[in-house]
């Protein structure tokens, strides 16, 4: 019965024009099972971001996200929601979802000012920050935390799987750091780089009434595990309530496919108002 219902779930491409990048962009959208049957209903929205060298179909083709999300909704483990899987702006090895220091591309503005409004115009969304969440893996984990901490008025909660958390310049992508990061964030001690430091962003949000709830996990055999453990420690020191888990696993699709459900469970608790963020 469950499998039969899942086949009726719509996964559709959606194209829109980005003024920030002055180009046409496409994302893939999962519509909940009752979307067509309930034409007056509006829905929560979840954005899922891909990692380096990925595309808008990475979550579906490699991680079977549409199956995991649909099963969670049908089993009552996730509220019915619209799931948006965009690309990162499609430049180089990955944009990290930020506006680049050298002016190469406005990849953060593309997301905030083009993609989100386009989704809200085209689909029956609930538009308040408390109804909109964001998650991602690897580079997408950084993007989810960066976008939510820099735009808490847009996103009520964020999750990261094996994310490149902390400071962009500390990520262990040696070739990428040499060639791309100076173009992306400028001088490492400069104000532009500091404005994308996830520790500093979390500290800034502590003094505000509106800030995103955060969840992240990482495999203990992942090369980014030290960064995740260090970010967890930093958030504890700051007193920024969050949820963090460690599992056995590496930096690969086997891990992200298995543990997407943990992020969905976090969003489920957040939307249910159960106080998802805890100090652990």
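Each reported figure results from applying straightforward, stated rules to the coordinates on display, with no laboratory input. Since we're looking at a predicted model, the values are computed, not measured. Neighbour counts are summed over all protein chains in view; Cβ atoms, including those assigned to glycine, are modelled from backbone coordinates with ideal geometry.
Measuring spread by the Cα atoms of segment 183-223 yields a radius of gyration and Dmax of 13.8, 37 Å. Put simply, segment 122-268 fits an ellipsoid with semi-axes of 22, 20, 15 Å; these come from the alpha carbon gyration tensor as the roots of five times its eigenvalues, largest first. Could you tell me how many degrees, from 0 to 90 and to the nearest 10, lie between the Cα long axis of helix 65-74 and the main elongation axis, the longest principal axis, of the Cα atoms of the chain? It is inclined by approximately 50 degrees. Calculated on the Cα set of segment 70-124, radius of gyration then Dmax: 15.0, 47 Å. Angle between the Cα long axis of helix 225-238 and the longest principal axis of the chain, 0 to 90 degrees, nearest 10? The angle comes out near 90 degrees. The share of Cα pairs per 5 Å bin across the chain, counted from zero up to the longest distance, runs 1, 6, 13, 18, 20, 18, 13, 7, 3, 1, 0, 0 percent. Using the alpha carbons alone, the radius of gyration of segment 1-126 stands to its Kirkwood radius in an Rg to Rh ratio of 1.00. On the principal axes of its alpha carbon atoms, segment 99-158 extends 36, 21, 19 Å, with the longest extent given first. Would you please state which residues of segment 197-211 a label at residue 153 would reach in this model, taking the label point 7 Å out along Cα→Cβ and a backbone N cut-off of under 16 Å? Of the residues in segment 197-211, 205, 208-211 have backbone N under 16 Å from the label point off residue 153. Just to confirm my numbers, what's the Cα centroid distance between segment 208-280 and segment 84-103 in Å? Taking the Cα centre of each part, segment 208-280 and segment 84-103 sit 23 Å apart. Put a dot 7 Å past the Cα of residue 10, heading toward its Cβ, do the same for residue 67, and the two dots end up 2.4 nm apart. Consider all pairwise Cα distances in segment 20-74 and report the whole-number % of them above 13 Å. Pairs farther apart than 13 Å: 69 percent.
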